[in-house]
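The values are calculated or read from the model by the stated rules, or taken from the named source; none is laboratory data. Note that the structure is predicted; figures quoted are calculated from it, not measured. Methodologically, a virtual Cβ is constructed for each residue, glycine included, from the backbone with ideal geometry; neighbour enumeration extends over all protein chains shown.
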Amino acid sequence: QKEVEQNSGPLSVPEGAIASLNCTYSDRGSQSFFWYRQYSGKSPELIMFIYSNGDKEDGRFTAQLNKASQYVSLLIRDSQPSDSATYLCAVNEEGGGADGLTFGKGTHLIIQP
Amino acid sequence: DAGVIQSPRHEVTEMGQEVTLRCKPISGHDYLFWYRQTMMRGLELLIYFNNNVPIDDSGMPEDRFSAKMPNASFSTLKIQPSEPRDSAVYFCASSLNRKNIQYFGAGTRLSVL
């Protein structure tokens, strides 16, 4: 049974600070890692994906992957109130594979103005 | 492109009734996924298709659930008979290829009374 674990939060961060979201996964065969953002009552939307160990940056977002520790994180710099949402971590077993994603239950992030 | 289109957006029905949820994937996407989201269990994969063929239905909770994809532009998820515990938001997602970046529809909020 593949498991993806996230702290449900809420995680409260002041505006302008760095928000750090964490995720661990159980399946060592996992190869693809995704962060989705979901606003209340809306569908998940892709923020970032990462396949290789290390950091990947896209604007204010940085994804970090450590396969040895089975750990993936998302950093949001210069947090804005519009970043307030639930962030879902998802993993896929095979690199570039077509299996459905295994999602964590999400971390509820609140950016305080 | 209009994105993944789901209908209806909301469905309220009584226990025992048949429910049919519909999905139109993004044109050209070869993979289609059905997910269910609840507060307790989070986002769970139910079934996915590749080129209209069901690949993995191990997430379908019971025989009351069935899914079809008669052509590349249409899929249905049917629940017969429906039960109150089926109340959830059902999402359809599609992806272009083995990169597995999935794009979600707006979801169908199902309430079974």
Review point. Can you pull out the residues in the stretch A:55-70 that are surrounded by 14 or more Cβ atoms within 10 Å (Cβ to Cβ) and touching a strand residue (DSSP E or B) at 6+ places or on another chain (Cβ under 7 Å)?
Key: A:56, A:60, A:61, A:62, A:63, A:64, A:65, A:70
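Kindly evaluate residue A:77 against the criterion of being more than 9 Å from chain B (Cβ to nearest Cβ), out of contact with any strand residue (DSSP E or B) (no Cβ under 9 Å at 6 or more places or on another chain) and surrounded by fewer than 19 Cβ atoms within 10 Å (Cβ to Cβ). Full working, then the answer.
Numbers: more than 9 Å from chain B (Cβ to nearest Cβ): yes; out of contact with any strand residue (DSSP E or B) (no Cβ under 9 Å at 6 or more places or on another chain): no; surrounded by fewer than 19 Cβ atoms within 10 Å (Cβ to Cβ): yes.
Spelling it out, it is not the case that residue A:77 is more than 9 Å from chain B (Cβ to nearest Cβ), out of contact with any strand residue (DSSP E or B) (no Cβ under 9 Å at 6 or more places or on another chain) and surrounded by fewer than 19 Cβ atoms within 10 Å (Cβ to Cβ).
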Point to revise | Lone unmet requirement of (1) touching a residue at least 40 places away in the same chain (Cβ under 8 Å); (2) more than 10 Å from the chain's Cα centre (by Cα) for residue A:74 | key: (2)
Practice item. Evaluate the stretch A:87-97: report whether one residue or more is touching a Ser or Thr at 6+ places or on another chain (Cβ under 6 Å), part of a strand (DSSP E or B), buried (at least 21 other Cβ atoms within 10 Å of the Cβ) and modelled with pLDDT of 95 or more. Key: yes
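Tell me the strands (runs of 3 or more DSSP E) entirely within chain B that contain at least 3 residues that are within 18 Å of residue A:38 (Cα to Cα), in contact with a Phe, Trp or Tyr (Cβ under 9 Å, 6 or more places away or on another chain) and touching a residue at least 12 places away in the same chain (Cβ under 8 Å). Outline the logic, then answer.
Numbers: elements: B:5-7, B:10-13, B:19-24, B:31-38, B:42-50, B:53-56, B:65-71, B:74-79, B:88-95, B:108-112.
Result: B:31-38, B:42-50, B:88-95.
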Review point. In the stretch A:19-68, which residue that is β-branched (Val, Ile, Thr) and free of Cβ contacts under 8 Å to residues at least 24 places away in the same chain is farthest from residue B:36 (Cα to Cα)?
Key: A:62
**Study point:** The one condition in (1) within 10 Å of chain A (Cβ to nearest Cβ); (2) modelled with pLDDT of 95 or more that residue B:78 fails to fulfil
**Key:** (1)
Check your understanding: Has the stretch B:53-65 got any residue that is within 22 Å of residue A:47 (Cα to Cα), within 12 Å of chain A (Cβ to nearest Cβ) and of a type in the set (Asp, Glu)?
Key -> no
Review point. Here are some residues: B:35, B:90, B:31, B:48. Which one is within 9 Å of chain A (Cβ to nearest Cβ), out of contact with any His (no Cβ under 7 Å at 6 or more places or on another chain) and modelled with pLDDT of 95 or more?
Key: B:35
Revision key, fill the gap. Requiring at least 1 residues that are of a type in the set (Ser, Thr, Tyr) and surrounded by 14 or more Cβ atoms within 10 Å (Cβ to Cβ), the strands (runs of 3 or more DSSP E) wholly within the stretch A:1-51 are A:19-25, A:32-38
